[in-house]
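Written below as structure tokens is the structure these notes are about.
Values quoted throughout were computed directly from the atomic coordinates according to the rules given, and no laboratory measurement underlies them. From a predicted model like this one, the values you see are computed outputs, not experimental measurements. For neighbour counting, all protein chains shown are included, and Cβ atoms are generated from backbone atoms with ideal geometry for every residue, glycine included.
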Amino acid sequence: MSGHFDTLETRSHEARAADLTKALPAQIARAQVLAGYAGALDGLDASKITSAADLAALPVLRKSDLGKAQAASAPFGGLTTLAPSGFAHIFQSPGPIYEPGGIGHDWWRMGRALAAAGIGQGDIIQNCFGYHLTPAGMIFESGARAVGAAVLPAGTGQTELQARAAHDIGATAYAGTPDYLKVILDKAEEMGLKLKITKAAVGGGALFPSLRAEYAERGIACLQSYATADLGNIAYESPAMEGMIVDEGVIVEIVTPGTGNPVPEGEVGEVVVTTLNPDYPLIRFATGDLSAVLAGQSPCGRTNMRIKGWMGRADQTTKIKGMFVRPEQVAQLVARHDEIIKARVIAARAGEMDTMTVQIEAQGGDAAAFAASVADVLKLKGTVEIVAPGSLPKDGLVIEDQRSYD
């Protein structure tokens, strides 16, 4: 097992909770005075928000909210504690969405993931994440600086030059998307170049088991991290490869898509993240990604909560009979009736026509009243099926599209 990045990773649960009791109220207080929250946190006693459980009562901040805020107040929508000139970098992601960046010690917290991958002093990282407009390249470069590794800022493309550089400078580690490393390795073999890469820290795409196994056969230990342009590092693998360990600088909740309601441990839901970064206090930011909490503690000695990794997208918006049905609407349907525990919309086809079935978990209730609410909230009529509590799948889906598009 690799060494730990710092002592925060191995804190007891009690110590982590005690530290959060101090840090979280201060972060909420910072956010309360920011114009970008537009009164969403008004009247809140920040001193009472001391745990992830307390966060559940606060509104969720979505990417669409970020875009609207930035359109009204460029570039950061009034959601930062520093002026734009107070940051080292300003990035642009598709949308466009603008993200701030700092160069203070491990501002993006990626050093933790690199250390877990065994990368540190004496290593040269070939950083193949993009440096153009988007922050991925700088996120990993910041992490490399935190662990004392040198960086070849390779970016993307020009594979022949990448292979030559990796050989000439003796790169020992790779950072980039999971599949691009194979492209470089294959090109190096084609060119007759022997590379020294034995470690890889990947992200931005799925690391399939077969690809990880191929890298292992070539003498490369490959671990993945989960980060976003807005939040920085969220979670990362350790050599134990049993789930992804949540970073010490964020709080992760798993909620029912379209709501802010936490799901039981082990159930799939949307990843919602609160940062403890004082420069950019994102409170309950919805990533749009699905995951689930993994019970227990990692064998590597890191004690923070684990998630199962990326399990799909939470934005299940689906067009049925020409109308969009969104997870938020399903959440509104559930909220209308105290008897409803959860609901699932199923889109299918019959006789070349779209059909909609709404399965409702409830202990009794009036099917006619449920149907009326379906028509009112979803703006479509559909078949309502009342099912027993606990019978709907715990897979994070609130809208299931069974139609074939082949």
Put a dot 7 Å past each Cα toward the Cβ at Ala23 and Lys381; how far apart are the dots in nm? 5.5 nm
Against the longest alpha carbon principal axis of the chain, how many degrees, from 0 to 90 and to the nearest 10, is the axis of helix 13-32 turned? 70 degrees
So how long is each side of the range 214-260 along the principal axes, counting just the alpha-carbon atoms, biggest first, in Å? 44, 20, 18
Using distinct alpha-carbon pairs, which all enter the 1/r mean, Kirkwood radius of the chain in Å: 23.0 Å
On Cα atoms only, tilt of 180-190 relative to the major axis of the chain in degrees: 40 degrees
Can you tell me what share of the DSSP beta bridges in the range 78-210 is antiparallel? A percent to the nearest 5 is fine. 30 percent
Scaled to the compact-protein estimate 2.2 N^0.38 Å, what is the alpha-carbon radius of gyration of the range 154-216, rounded to two decimal places? 1.04
Among Ile307, Ile90, Ile169, which one shows the biggest mean-square fluctuation in a GNM of the chain, springs joining Cα atoms closer than 10 Å? Ile169
Cross-link pairs Lys342/Lys379; Lys22/Lys308; Lys68/Lys342; Lys196/Lys308 - those with Cα-Cα distance over 23 Å: Lys22/Lys308; Lys68/Lys342; Lys196/Lys308
For Lys182 and Leu133, what does the FRET efficiency come to when R0 = 25 Å and r is the distance between their Cβ atoms, rounded to the nearest 0.05? 0.45
With axes computed from alpha carbons, what is the tilt in degrees of helix 63-72 against the longest principal axis of the chain, rounded to the nearest 10 within 0 to 90? 80 degrees
Give the long-range amide H neighbours of Leu152: residues separated by 5 or more places, or on another chain, with amide H under 5 Å away, using H modelled in the peptide plane at 1.01 Å from N. Ile125, Gln126, Asn127
Between Asp230, Asp289, Asp45, find the one with the highest GNM mean-square fluctuation for the chain; connect C-alpha pairs within less than 10 Å. Asp45
How high is the FRET efficiency between Met191 and Asp395 when r is their beta carbon distance and R₀ equals 56 Å, given to the nearest 0.05? 0.80
In nm², what is the average projected area of the convex hull enclosing the Cα atoms of the range 241-377? 11.2 nm²
Can you figure out the FRET efficiency of Gln363 with Ala35, using R₀ = 41 Å and their beta-carbon distance, to the nearest 0.05? 0.40
The convex hull of the Cα atoms of the range 160-270, divided by residue count, gives a volume in Å³ per residue of 135 Å³
Whole Å is fine, so just give me how far the alpha carbon centre of the range 254-313 lies from that of the range 37-51. 21 Å
Kindly state, as a whole number, the per residue volume in cubic angstrom of the convex hull around the alpha carbon atoms of the range 334-406. 97 Å³
